[in-house]
1. Residue by residue through segment 22-55, note down the ones that are in a strand (DSSP E or B) and either surrounded by 20 or more Cβ atoms within 10 Å (Cβ to Cβ) or touching a His at 6+ places or on another chain (Cβ under 7 Å) (or both).
2. Any chance you could count how many residues in segment 56-69 are assigned to a helix (DSSP H, G or I) and out of contact with any Leu (no Cβ under 9 Å at 6 or more places or on another chain)?
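Just so it is clear, none of the values below were taken in a lab; they were calculated from the coordinates. Computed from a predicted model, the values in this text were never measured in an experiment. Cβ placement follows ideal geometry from the backbone for every residue including glycine, while neighbour counts extend to all protein chains displayed.
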Amino acid sequence: MATKHAEPNEVSVQPQTNSSKRILVVDDDAGISQLNAKASITSGYQVDTAEDGAVAWAALQDNSYDLLIADNTSAAVATDVSQ
């Protein structure tokens, strides 16, 4: 059975500057993910979020990122990305 992967989420917060730098935040804890995303957006970065490694991997295949921030203690994130 094929697994459908969700699209990476875009977080909308007003950035201080317009930047072409793009970050992918991967965390299974939505609160931590949103905190990292908002801090990055406030600093002027474009940010996508993913809740697990499978979604992150799909985002990495479709987009170009300058930085990846990932939760390395999450089994869902670590296992999916390492495969």
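1. 23, 24, 25, 26, 47, 48, 49, 50 - these are the residues of segment 22-55 that are in a strand (DSSP E or B) and either surrounded by 20 or more Cβ atoms within 10 Å (Cβ to Cβ) or touching a His at 6+ places or on another chain (Cβ under 7 Å) (or both).
2. Restricting attention to segment 56-69, the residues satisfying the condition of being assigned to a helix (DSSP H, G or I) are 56-62.
Among the residues that remain, those that are also out of contact with any Leu (no Cβ under 9 Å at 6 or more places or on another chain) are: 57-58, 61-62.
Looking only at that region, the number is 4.
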